[in-house]
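The values are calculated or read from the model by the stated rules, or taken from the named source; none is laboratory data. What you see is a predicted model, and the numbers here were worked out from it, not measured in a lab. Using ideal geometry, Cβ is built from the backbone for each residue, glycine included, and neighbour counts are taken over all protein chains shown. All accessible areas refer to the heavy atoms of the entire protein, side chains included, with ligands and DNA or RNA removed. Shrake-Rupley method; radii C 1.70, N 1.55, O 1.52, S 1.80 Å.
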Amino acid sequence: MNTTEIFLIAMLIIFSVPYLVWRLFRTDHYAPLVVVQIIGGILLGPGVLGAVFPDYYAFVFRPQVIQSLNGVAWWAVMIFVWLAGIELDLKAAWANRTETGVTAGLALVMPLLFGCAAAAVLLQFPGWVGERGQTWQVLAGMGMACAVTALPILVLFLDKLGVLRSDLGQRVLRYASLDDIAIWGVLALIILDWDRLGRQAAFLVGFPIASIAVRALMRRIPQTDRWYVGLIWLAAMGFVGDWAGLHYMVGAFLAGVVLDKDLFEERQMDSFRHIVLMTIMPVFFLSTGLRTQWDVGGLMVFGAAALLLVAAVAGKLAGVHLAGRVLKWPKGEAAVIGWLLQTKALIMIIFANILLDKAIITNAAFTALLLMAVGSTMLTIPMVKPRLARLTAS
């Protein structure tokens, strides 16, 4: 078989296996299709499929095929992160800045501290720090990974629970939006390339000027052209971000943040996000799974994932409950919000991918973070549903 045929076999596996599992086992209650696709990527990676069927794995996922899949994955995740940036509602966060700031701050800082403590325990053992990683970068990176909330998946979950347009749902989105900005800011600091300070200075000077020009242009062109021009802006910002020594995904996120959500029709935005999730993001999940490894041993990786999961869940709940006391929320509300903000899949995986790309963490640390993200996301719906029912009934 030639490379094209094997690539299409890989695509067939990527799209069919998770879908069949999702439909046949009806996992939507605790694991929507997105989560099943992420788990599928892990299972199809070298640590599971590659270990059980090494010849088959080597035949399908040969270097040429992986390279082709990676190209699709890069563009897929850039579009997804760009959309996440556009959907940040900074105006609503500013209008409710006191409540949003207190809640988002505590919901970020507490799991960050818990995560840093868990990372400090892990660093007592070898195998977690990457070739170019420093101790403070790994501590901050793992800590922030425990604090992440995946805004796009949160939107899907809120819609599934029927509270997306409610006051509660909009509040939760504001908290997650503010934390998203902080998370990307900390990431930019972690991956700061001191050898490219000149380029980064040029980026900091040129980015605001380019952003003002693009915002003015987008207001003047027809709405039908804005998507296309937005994608050109996305590709340019991804390139410049990577050239400056940050990362192409940081550039993609910033390309979205500076664009107002009202530039795009909401229904089209929802439809485009759904199409991206359905058509090309599964390739990113598979390429992510191909990077999972168990270099320090399977039990150690699962143990690290469990420790990080406890830190993430306990830290987020502690922070939100503290915010609830300060702001005098009704009984039960803090628990619902705390569990909703546990949703980590996608954004946390993107975050961990960047740390791995920069060799700050090892493949084993990446695998532990990936398992933690899947676990916290799968807990969200089962833990929220009964609590939300009691809250709305009272």
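So how much slack lies between A182 and R325, counting 0.36 nm per residue of separation and subtracting their Cα-Cα distance, in nm? Working shown, then result.
Details: separation 143, 0.36 × 143 = 51.48 nm, distance 2.31 nm.
Between A182 and R325, full extension yields an extra 49.2 nm.
Counting Lys +1, Arg +1, Asp -1, Glu -1, what net charge surrounds W194 among other residues with beta carbon under 15 Å of its beta carbon?
On the way: positive: R132, R196, R199, K358; negative: D193, D195.
With Lys, Arg at +1 and Asp, Glu at -1, the neighbours total +2.
Ignoring the sites themselves, what is the longest stretch of the chain with no GluC sites (Glu not before Pro) in a DSSP loop and at most 15 other beta-carbon atoms within 10 Å?
On the way: sites that count: E131, E265.
In the chain, the maximal stretch lacking such sites is 132-264.
If each residue of separation counts as 0.36 nm, what is the full-extension length gain between D262 and I275 once their alpha-carbon separation is subtracted? Please list the in-between numbers first.
Working: separation 13, 0.36 × 13 = 4.68 nm, distance 1.98 nm.
Contour length minus the Cα-Cα distance gives 2.7 nm.
For region 201-355, compute Rh as the Kirkwood radius over C-alpha pairs and then the Stokes-Einstein diffusion coefficient at 4 °C and 1.567 mPa s; write the answer in µm²/s, rounded to an integer.
On the way: Rh = 19.1 Å.
Diffusion coefficient, whole number: 68 µm²/s.
Would you mind getting the accessible area per residue of region 7-61, heavy atoms of the protein chains only, 1.4 Å probe, in Å²?
Values: 2980 Å² over 55 residues.
Per residue, region 7-61 has an accessible area of 54 Å².
Cross-link partners among lysines for K385, C-alpha distance below 27 Å, same-chain residues fewer than 8 apart left out?
K385 reaches K160, K316, K328, K331, K344.
Taking 8 Å as the Cα distance limit and 6 or more residues as the minimum spacing, I'd like the relative contact order of region 249-387 as a percentage.
Numbers: 96 pairs, mean separation 42.4, N = 139.
Reported as a whole number, the value is 31 percent.
Put a dot 7 Å past each Cα toward the Cβ at A201 and Y30; how far apart are the dots in nm?
Each label point is offset 7 Å from its Cα along the Cβ direction, giving 5.5 nm.
State to the nearest 20 debye the size of the charge dipole of region 161-308 about its Cα centre, where the only charges are +1 on K and R beta carbons and -1 on D and E beta carbons.
Values: 13 positive and 13 negative charges, 60 e Å.
My answer is approximately 280 debye.
Suppose only helical runs count, i.e. DSSP H with n ≥ 4. What mean residue ellipticity at 222 nm does that imply for the chain under -39500 (n - 2.57) per run, divided by all residues and rounded to the nearest 500 deg cm²/dmol?
Values: 19 runs with 306 residues, N = 394.
Here the helix-only value at 222 nm equals -26000 deg cm²/dmol.
Quick check: pseudo-label points 7 Å beyond the Cα along Cα→Cβ at V121 and D159, how many nm apart are they?
Distance between label points: 3.7 nm.
Given H placed on each backbone N at 1.01 Å, which residues far from I361 in sequence or on other chains put an amide H within less than 5 Å of it?
For I361, whose amide H was placed from the backbone, the distant partners under 5 Å are G130, L356.
Rounded to a whole number, what % of the accessible area of the chain do carbon and sulfur atoms account for, probe 1.4 Å?
Numbers: 11360 of 17010 Å².
Using a 1.4 Å probe with all protein chains present, the chain comes out at 67 percent carbon and sulfur.
Could you derive backbone 3J(HN,Hα) for region 281-291 from the dihedral phi with the Karplus parameters 6.51, -1.76 and 1.60 (θ = phi - 60°), listing whole Hz in sequence and x where the residue is Gly or Pro?
Each residue's phi maps through the Karplus curve to give 4, x, 5, 5, 4, 5, 5, 5, x, 5, 9 Hz.
Enter the accessible area per residue of region 84-163 (Å², integer; probe 1.4 Å; all protein chains in place).
Values: 3340 Å² over 80 residues.
With the other protein chains kept in place, region 84-163 gives 42 Å² per residue.
Could you give the distance between the Cα centres of region 379-394 and region 244-279, to the whole Å?
Using only Cα atoms, the two centres lie 30 Å from each other.
Tabulate in residue order the Karplus-calculated ³J(HN,Hα) for region 146-156, using 6.51 cos²θ - 1.76 cosθ + 1.60 with θ = phi - 60°, rounded to whole Hz; enter x for Gly and Pro.
Here the 3J(HN,Hα) series is 6, 8, 4, 10, 7, 4, x, 6, 4, 4, 4 Hz.
Separation of region 280-301 and region 1-78 by C-alpha centroid, Å?
Here the two parts' Cα centres lie 11 Å apart.
Please identify, among G238, G185, G40, the residue showing maximal mean-square fluctuation in a Gaussian network model of the chain using a 10 angstrom Cα cutoff.
Of G238, G185, G40, the Gaussian network model singles out G185 as fluctuating most.
List the trypsin sites (Lys or Arg not before Pro) in region 306-340 that DSSP assigns to loop (not H, G, I, E or B) and whose Cβ has at most 12 other Cβ atoms within 10 Å. Which are they? Intermediate values should be presented prior to the final figure.
Values: sites: K316, R325, K328, K331; in loops: K328, K331.
Taking region 306-340 and a limit of 12 other Cβ atoms within 10 Å, the loop trypsin sites (Lys or Arg not before Pro) found are K328, K331.
At q = 0.15, 0.23 Å⁻¹, work out log10 I(q)/I(0) for region 124-235 with the Debye formula, treating every Cα as an identical point scatterer and leaving solvent out; two decimals please.
Result of the Debye calculation: -1.02, -1.15.
All other residues with a Cβ under 13 Å from the Cβ of G141 taken together, and with Lys, Arg as +1 and Asp, Glu as -1, what is their net charge? Can you show the working numbers first?
Values: positive: R132, K358; negative: D357.
Summing Lys/Arg as +1 and Asp/Glu as -1 gives +1.
In percent, what relative contact order does region 319-377 have, based on Cα pairs under 8 Å that are 6 or more apart in sequence?
Numbers: 35 pairs, mean separation 20.6, N = 59.
Relative CO of region 319-377 lands at 35 percent.
At R0 = 45 Å, how high is the FRET efficiency between T98 and D55 if r is their beta carbon distance? Nearest 0.05 is fine. Intermediate results must be reported in sequence, preceding the final value.
Values: r = 61 Å, r/R0 = 1.35.
Efficiency, from the Cβ-Cβ distance: 0.15.
Rank T288, T224, T27 by mean-square fluctuation in a GNM of the chain with C-alpha springs under 10 angstrom and give only the top-ranked residue.
Sorting by GNM fluctuation, first place goes to T224.
So what J values fall out for region 238-247 if you push phi through Karplus, 6.51 cos²θ - 1.76 cosθ + 1.60 with θ = phi - 60°, rounded to Hz, Gly and Pro as x?
Each residue's phi maps through the Karplus curve to give x, 5, 5, x, 5, 4, 7, x, 8, 5 Hz.
Among T292, G256, I275, pick out the residue whose Cα is farthest towards the positive end of the charge dipole of region 250-298, where Lys and Arg carry +1 and Asp and Glu carry -1 on C-beta, about the Cα centre.
Toward the positive end, the furthest listed residue is T292.
Normalised by the number of residues in the chain, what is the relative contact order in percent for Cα pairs under 8 Å and 6+ residues apart? Don't skip to the answer; put the middle values down first.
Numbers: 553 pairs, mean separation 121.4, N = 394.
Relative contact order of the chain: 31 percent.
What distance in nm separates the two pseudo spin-label positions at T3 and Y19, each 7 Å out from Cα along the beta-carbon direction?
Those two pseudo-labels are separated by 2.7 nm.
Subtract the Cα-Cα distance of Q223 and Q64 from 0.36 nm times their separation in residues, and report this length gain in nm to one decimal. Don't skip to the answer; put the middle values down first.
Values: separation 159, 0.36 × 159 = 57.24 nm, distance 3.90 nm.
Gain on extension, Q223 to Q64, equals 53.3 nm.
Just the accessible area per residue of region 229-365, please: how many Å² with a 1.4 Å probe? Don't skip to the end; give the middle numbers.
Values: 4680 Å² over 137 residues.
Here the residues of region 229-365 average 34 Å² of exposed surface.
Normalized C-alpha radius of gyration of region 1-45, against 2.2 N^0.38 Å?
On the way: Rg = 12.0 Å, N = 45, 2.2 N^0.38 = 9.3 Å.
Rounded to two decimals, the normalised Rg is 1.29.
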